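K.L.:
Here you go, one structure.
The values are calculated or read from the model by the stated rules, or taken from the named source; none is laboratory data. What you are looking at is a predicted structure, and each value in this text was computed from that prediction instead of being measured. Here the Cβ positions follow ideal geometry from the backbone for every residue, glycine too, while neighbour counts run over all protein chains shown. Only protein heavy atoms, including side chains, enter the accessible area calculation; ligands, DNA and RNA are left aside. Shrake-Rupley method; radii C 1.70, N 1.55, O 1.52, S 1.80 Å.
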Amino acid sequence: MKFSELFNSTSSPRSPISSNNIRRNENEDEEKEYALMYSGCSFCFYGLLLGFLLAGILLATILALWLSPNTETTDSSTSNSGSSISLGSSITTTTTVMKTCTDWIWNSTGETIAGVTGSAGTAANQLSSPWNIFIDVKNNNTLYIADSGNHRIQKWLLGAPTGTTVAGVSGSVGATATLLNTPKDVFVDSSQNLYVADSLNNRIQFFSYGILSGSTVSSGWSSPGSLWGVQVVNNLIYACDNTKSAIWKNGSVVAGNQIAGSGNNQLNLPQGFAVDTSMVPGTIYAVNSQQHTIVQWTANTTTGNIVAGSNGIQGSSSTLLMYPVSIKLDAYTNMFVVDNNNHRIQLFCRYPTVNMTARTIAGTGAKGSTANTLTFPAGIALDSSMNLYVSDTSNHRIQRFQRLV
């Protein structure tokens, strides 16, 4: 149809079929236009949504870094006055909040892990007046016991019902290479060799791992008396001399003047000690039993300072002791003290603040044989989880108090 004919044809009537076809075509064209518009709008909507999502993630990341409470950044600059060179550095440190000694809690109810309560004996599951103990934290917290009444050293594996004799002969007293006489302490080195304070033989005996015949490593010392404690630090042998009122280091006196007394240069029948190996290495903490005190003796000094108890005054308050016999230190020199005649274990916190007021972490202050009482305890040790082990001497058992916090 020509262009002119198209206009001329409008005056002519149309059939219903042709009119409907025209409307249908027009509707289809409109639907196509709407579909294209909808498709374009959908694309814009999803693109906008993705943009908002990415922006939100970026903003959250920036806020998290900015609001982080544990990171502190310090910028410092150092300049050399003799030149124009300036050195700048940025140091980032992370601060971790740690609970201090005053927050630590142990279960007040103990568990018997060695010995039979109230029953002294020579059987493998029994003990007789156990004294000091040692936990080998590097070897599955194996327990070593100076079983003084049986004149032997018992090795007790974690969870075992019985012990194994690793030095001495059960029930036999002697001064030969295989015998002991009332051992009071045992120390185990990194090779599982034993050092034994063989008290009534006035010697320190060394037993190589797995060997039942020992050798005397204190034979060159100048007439030591009854040795009640032993600790080896950097291959140096420290020992507590009860009768000479002194602490030895490889045969030389490093605390006390070998005359029992109450002066600041003296000790009075000490029964135990500990050497600091972390905070101020070489410092000695002597258990000055007859003076009811703990005395701190810095290396290469001739006098000591009282850090627990009151000189010559016995008592049961939180600041006093009554015949303390043993001590253990943790890595911060917090002091765990066996307060023998008060039938309790006292903790003196020394980090971050030195405190001469103790709190009782085991025992009630009254003697007894229940799960929460002790009777004349003599030894103490801590395992790798800071669980507390106590040699409950007159009950012939070793008690474990679980660390809770």
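K.L.:
Looking only at the range 289-313, count every residue that is within 20 Å of THR364 (Cβ to Cβ) and either at pLDDT below 95 or surrounded by fewer than 16 Cβ atoms within 10 Å (Cβ to Cβ) (or both) and tell me the total.
P.N.:
Qualifying residue count, the range 289-313: 0.
K.L.:
Right, another one. Checking THR165 against (1) surrounded by fewer than 14 Cβ atoms within 10 Å (Cβ to Cβ); (2) part of a strand (DSSP E or B), which single condition isn't satisfied?
P.N.:
Checking THR165 against (1) surrounded by fewer than 14 Cβ atoms within 10 Å (Cβ to Cβ); (2) part of a strand (DSSP E or B), the one that fails is (1).
K.L.:
Can you name every residue in the range 102-116 that is farther than 18 Å from ALA381 by Cβ and either open to solvent by less than 60 Å² (accessible area, probe 1.4 Å) or part of a strand (DSSP E or B) (or both)?
P.N.:
VAL116
K.L.:
A further question on this structure: Report, by residue number, each residue of the range 223-260 that is open to solvent by less than 30 Å² (accessible area, probe 1.4 Å) and at positive phi.
P.N.:
Of everything in the range 223-260, those that are open to solvent by less than 30 Å² (accessible area, probe 1.4 Å) and at positive phi turn out to be SER245, GLY251, GLY256.
K.L.:
Pull up the range 314-328, narrow it to residues that are assigned to a loop (DSSP other than H, G, I, E, B) and touching a Gly at 6+ places or on another chain (Cβ under 7 Å), then point me to the one that is surrounded by the fewest Cβ atoms within 10 Å (Cβ to Cβ).
P.N.:
Within the range 314-328, the match that is surrounded by the fewest Cβ atoms within 10 Å (Cβ to Cβ) is SER316.
K.L.:
Next question, about the same structure. List pairs: first residue in the range 134-163 and farther than 17 Å from PRO183 by Cα, second residue at pLDDT below 95 and open to solvent by 10 Å² or more (accessible area, probe 1.4 Å) anywhere in the structure, Cβ distance under 7 angstrom, at least six positions apart or on different chains.
P.N.:
Pairs found: ASN140/LEU158; ASN141/LEU158; THR142/LEU158.
K.L.:
The conditions are (1) of a type outside the set (S, T, N, Q); (2) under 24 Å from ALA381 (Cβ atoms); (3) under 25 Å from the mean Cα position of the chain (by Cα); (4) in a loop (DSSP other than H, G, I, E, B), and LEU267 fails exactly one of them. Which is it?
P.N.:
Among (1) of a type outside the set (S, T, N, Q); (2) under 24 Å from ALA381 (Cβ atoms); (3) under 25 Å from the mean Cα position of the chain (by Cα); (4) in a loop (DSSP other than H, G, I, E, B), the lone unmet condition for LEU267 is (3).
K.L.:
Assess whether GLN154 counts as being under 23 Å from ASP276 (Cα atoms) and not hydrophobic (A, V, I, L, M, F, W, C). Spell out the reasoning first.
P.N.:
Values: under 23 Å from ASP276 (Cα atoms): no; not hydrophobic (A, V, I, L, M, F, W, C): yes.
When the stated conditions are applied, GLN154 does not pass them.
Matching residues to (1) part of a loop (DSSP other than H, G, I, E, B); (2) surrounded by 18 or more Cβ atoms within 10 Å (Cβ to Cβ); (3) under 26 Å from the mean Cα position of the chain (by Cα):
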position	(1), (2), (3)
ASN132	no, yes, yes
ASN139	yes, no, yes
ILE145	no, yes, yes
GLN154	no, yes, yes
ALA160	yes, no, yes
ALA175	yes, no, no
ASP185	no, yes, yes
GLN205	no, yes, no
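K.L.:
Out of all the residues in the range 200-223, is one or more among the charged types (D, E, K, R), in contact with a Ser or Thr (Cβ under 8 Å, 6 or more places away or on another chain) and more than 19 Å from ILE145 (Cα to Cα)? Outline the logic, then answer.
P.N.:
First, pick out the residues of the range 200-223 that are among the charged types (D, E, K, R): 203.
Filter once more, so that each one left must be in contact with a Ser or Thr (Cβ under 8 Å, 6 or more places away or on another chain): 203.
From the residues that got through so far, the ones that are more than 19 Å from ILE145 (Cα to Cα) too are none.
Among the residues of the range 200-223, not one is among the charged types (D, E, K, R), in contact with a Ser or Thr (Cβ under 8 Å, 6 or more places away or on another chain) and more than 19 Å from ILE145 (Cα to Cα), which makes the answer no.
K.L.:
Would you call SER215 over 26 Å from PHE336 (Cβ atoms) and exposed (fewer than 15 other Cβ atoms within 10 Å of the Cβ)?
P.N.:
yes
K.L.:
If I ask for residues that are modelled with pLDDT under 95 and among the hydrophobic types (A, V, I, L, M, F, W, C), which ones from the range 202-249 would you list?
P.N.:
The one that is modelled with pLDDT under 95 and among the hydrophobic types (A, V, I, L, M, F, W, C): TRP221.
K.L.:
Under the condition of being part of a helix (DSSP H, G or I) and in contact with a Phe, Trp or Tyr (Cβ under 6 Å, 6 or more places away or on another chain), which residue from the range 329-380 is surrounded by the most Cβ atoms within 10 Å (Cβ to Cβ)?
P.N.:
Among residues in the range 329-380 that are part of a helix (DSSP H, G or I) and in contact with a Phe, Trp or Tyr (Cβ under 6 Å, 6 or more places away or on another chain), the one surrounded by the most Cβ atoms within 10 Å (Cβ to Cβ) is ASN340.
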